[in-house]
Amino acid sequence: MALQWQIVLLLLSALLSFISVAYWTRLARRDRELDRKREDAEKQLQHETHAREDIINRLLKLETSLAVIDQKVVPISTALQAILVKELTHYHTPIMDDLLARIGPPSMLSEEEEVLLTAALLERTLDMGVLISSAERDAAFILPAIMRRAKAECAMIDSIVAQTYVLKFVTVENLPSQ
């Protein structure tokens with residue numbers, strides 16, 4: 001009988017050992033799976049964070065580029081106006097030179113001064129012999145029209161700059177495929 005009890009105890013201890021090994025193995029496997037899932041989730045989160053940071057950096061670069069462009073872009077009429085003013089100021093008539101200096105942008109001439117400048121420019125378009133070149137005559141003829149265009153462009157740019165833009169971020173989640 002003692003032998004039978006020893007065999008039963010031996011079988012019972014073997015069974016308990018088998019059950020405990022199976023339990024701990026299964027528990028360890030589950031922990032490894034949870035660790036792997038946690039690592040995958042962390043990698044996904046890092047990837048999404050890097051993607052968002054990249055997008056934010058790209059937006060900041062675009063904003064910086066736009067700010068630089070806003071500062072450096074001069075409307076073509078304003079640039080042409082500056083070229084014409086430079087060509088016309090070498091004749092050194094003090095009243096006209098003063099008016100040309102205040103043309104702008106932004107224009108600091110009153111309407112009366114603009115009429116006075118237009119009259120002085122009309123005088124320059126007349127044949128004054130060798131005192132004025134044909135290029136200066138052409139510049140005097142073109143400048144009043146260019147002044148009006150430059151004033152209109154500046155007003156248009158001011159109205160565009162006055163508008164405010166709001167940038168909204170929208171998140172999109174990956175939905176499981178069906």
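A few comments on the model shown:
- Within the stretch 124-151, tally of residues that are in a helix (DSSP H, G or I), touching a residue at least 12 places away in the same chain (Cβ under 8 Å) and either within 25 Å of residue 69 (Cβ to Cβ) or open to solvent by less than 100 Å² (accessible area, probe 1.4 Å) (or both): 15
- Against the numbered list (1) part of a helix (DSSP H, G or I); (2) in contact with a Leu (Cβ under 8 Å, 6 or more places away or on another chain); (3) surrounded by 14 or more Cβ atoms within 10 Å (Cβ to Cβ), residue 109 comes up short only at (1).
- Among the residues of the stretch 80-106, those that are open to solvent by less than 80 Å² (accessible area, probe 1.4 Å) and not in a helix (DSSP H, G or I) comprise 93, 102, 103, 104, 105.
- Residue that is in a helix (DSSP H, G or I) and open to solvent by 90 Å² or more (accessible area, probe 1.4 Å), where the choices are 34, 16, 27: 16
- Answer from 170, 74 - the residue that is modelled with pLDDT under 85 and open to solvent by 90 Å² or more (accessible area, probe 1.4 Å): 170
The values are calculated or read from the model by the stated rules, or taken from the named source; none is laboratory data. Since this is a predicted model, take the numbers as computed values, not measurements. Cβ coordinates were reconstructed from backbone atoms using ideal geometry, including for glycine residues, and neighbour counts include every protein chain displayed. When the accessible area is computed, the model is the full protein with side chains, heavy atoms only, and any ligands, DNA or RNA have been set aside. Shrake-Rupley method; radii C 1.70, N 1.55, O 1.52, S 1.80 Å.
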